[in-house]
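First comes the structure, then the notes that go with it.
The values are calculated or read from the model by the stated rules, or taken from the named source; none is laboratory data. Source: prediction; values computed, not measured. Using ideal geometry, Cβ is built from the backbone for each residue, glycine included, and neighbour counts are taken over all protein chains shown.
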Amino acid sequence: MTMHRTARASWPRELEIKLDLGIEDAGKLKKWLALRGSPECARQHSVYFDTPDRRLFASDLVLRIRSCGNGLVQTVKTLSPSAAGMFDRAEWEKRVASLAPVADDRITELILDPRMVAELASVFDIETARSRWMVGEQKALCLVVDEALIRADERQSAFCEVEVEIASGDATAGFALARKLDRVVPIRISVSSKAERGFRLLEPLRRGYPAESIALSPALTIREAFPQLIAACLRQYRLNETVLLDRHEPEAVHQARVALRRLRSVLALFGGMLDVRADRFDEMVRDLAREIGRLRDIDVAIGSSMFERHRDILGQRRTDAYARLVGVLRAPAARALPLDLIEWAGSRRNMLERLRTESDGPITGFATEALTRARNRLARRARHFSKLAPAKRHRVRIAAKHLRYASDSFASLFEYDHPRRTERFLRTLNRLQKELGKLNDLAVARAMLAELDGSNVPSGNARQAKRAGRRLQELLEAREFWTVA
């Protein structure tokens, strides 16, 4: 069976800005909107289907049958696995007679095995109370508030989301409306479709969300690839931020910081082409990452036997640091940052005017040059690694991270030509990062212990530096996956 992961331009499309809204704030928002006109209200019941081994969802496809008052409609949608805020999906609708999926001749290229239809079974259902307004100049925007309840097996979860449907293809007015809504109630960009929420409810509770693989098409231009990479980073960040707004999970702390570091790496990769707003965004992301980093350092210390006698004081510091972080995350600036980034990244005005023609060039050539620069930078900084001072070793670690994040961003462009080489390079790079990370953890631990009780523990740096040096040599001898030879 063949699945198509990349939506074609000729397929029917749905473009919308999706926002998360607290359940407790839905009533206030609806009252505010009601002052601007009466909504069109409806209740919907949607049943989602998949095979026992989740083949549809694994291939970024969703099939549901929705009851909406005047019959049943079967919808097949492509998922946007790297979507953040802006959802651009292909979808096909077909009226059906019952809650049983049927074949659709228009989408046989997506599902080539007709026997799949017979394997489909319901996996969860969603009850939705939908309120719909036409707003904006000349009522050109459709705004939807959905209050929903997912039921999956013995579990259920309530949520509320806002959708701003974009008909013209220009999302400027939609983003302006989103900011206006945030002045009424707190909102955040959404990174999860209703289907993803349902499938997530079937899984064990997640403690954090690592980065997902990025699938860039070699046919993309530089300008087209940039917003996809930004969205992938923001998706990882928002998934982990959602966990942190609910509870303290050390893994979510770690992954949220990783997401922001990936985001800064993407901004740096494209930095020479971006307008002045890139610097402002980089500063804001850096400050947020530092705030998360304070909590991360305490989490790491509490998990180390070196800090056994300081657990009580570190526990209080962690409580205080988490409370401070939640306060930062709940502030308007932190809510606005992902929304502003998504709009800017997708704008044709984010590139320097003198480079806009160049930005229409192929992403593959740009990626090759960027990866080569990142590898050469690491090689320069890593010379005589075992003899380097801690500050210079830290610069090696930063260079390795930039190479890792660049490799993760662009690997999909080359993996079909060099799959084994790509896998080996990424595996070797991951090993190096772990050893350099241990070296950094030792330095952070020594500084924290000195601050707590003035102790001067043996660093262990020489042994760890030797291990990191071996991994460095392995990487620098590895064949690059982005070269033709």
- Meets criteria (farther than 25 Å from residue 213 by Cα, without any contact (Cβ under 8 Å) to a residue 60 or more places away in the chain, part of a helix (DSSP H, G or I) and not hydroxyl-bearing (Ser, Thr, Tyr)) for residue 439: yes
- Query: Which of the residues spanning region 127-177 are more than 25 Å from residue 202 (Cα to Cα) and part of a strand (DSSP E or B)?
  - Reply: 131, 132, 133, 134, 135, 141, 142, 143, 144, 164, 165
- Task: All but one of (1) over 30 Å from residue 15 (Cα atoms); (2) surrounded by 15 or more Cβ atoms within 10 Å (Cβ to Cβ); (3) not aliphatic (A, V, I, L, M) hold for residue 409, so report the exception by its number.
- Result: (1)
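Of everything in region 242-256, what is surrounded by fewer than 17 Cβ atoms within 10 Å (Cβ to Cβ) and in contact (Cβ under 8 Å) with a residue 60 or more places away in the chain? Give them in sequence order. Even if it seems obvious, please write down each step before you answer.
As a first pass, look at region 242-256 and keep what is surrounded by fewer than 17 Cβ atoms within 10 Å (Cβ to Cβ): 245-247, 251.
Matches in region 242-256: 245 only.
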- Query: Do we find a residue being assigned by TED's automatic domain parsing to the domain that holds residue 154, aromatic (Phe, Trp, Tyr) and either within 30 Å of residue 45 (Cα to Cα) or assigned to a loop (DSSP other than H, G, I, E, B) (or both) anywhere in region 194-209?
  - Reply: yes
- Among the candidates 234, 229, residue that is part of a helix (DSSP H, G or I), surrounded by 20 or more Cβ atoms within 10 Å (Cβ to Cβ), in contact with a strand residue (DSSP E or B) (Cβ under 7 Å, 6 or more places away or on another chain) and of a type outside the set (S, T, N, Q): 234
- By residue number, the members of region 293-334 that are at pLDDT below 95 and in a loop (DSSP other than H, G, I, E, B) are 303, 304
- Task: Please work out which one of (1) modelled with pLDDT under 90; (2) in contact with a strand residue (DSSP E or B) (Cβ under 8 Å, 6 or more places away or on another chain) is the condition residue 103 fails and give its number.
- Result: (2)
- Check whether at least one residue in region 453-466 is of a type in the set (S, T, N, Q), surrounded by 15 or more Cβ atoms within 10 Å (Cβ to Cβ) and free of Cβ contacts under 8 Å to residues at least 24 places away in the same chain, and report yes or no. yes
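Quick one: is residue 430 at pLDDT 85 or above and either surrounded by fewer than 18 Cβ atoms within 10 Å (Cβ to Cβ) or not basic (Lys, Arg) (or both)? Talk me through it step by step, then tell me what you get.
On the way: at pLDDT 85 or above: yes; either surrounded by fewer than 18 Cβ atoms within 10 Å (Cβ to Cβ) or not basic (Lys, Arg) (or both): yes.
Yes, satisfied.
Taking the conditions exactly as written (assigned to a loop (DSSP other than H, G, I, E, B) and over 19 Å from residue 466 (Cα atoms)), does residue 421 satisfy them or not? Full working, then the answer.
Working: assigned to a loop (DSSP other than H, G, I, E, B): no; over 19 Å from residue 466 (Cα atoms): yes.
Here the answer is no, as residue 421 does not meet what is asked.
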- Query: Got a sec? Which of 259, 289 is assigned to a helix (DSSP H, G or I), among the small types (Gly, Ala, Ser) and without any contact (Cβ under 8 Å) to a residue 40 or more places away in the chain?
  - Reply: 289
- Item | Candidate set: region 335-390, residues that are charged (D, E, K, R) and part of a loop (DSSP other than H, G, I, E, B); chosen: the one farthest from residue 188 (Cα to Cα) | 383
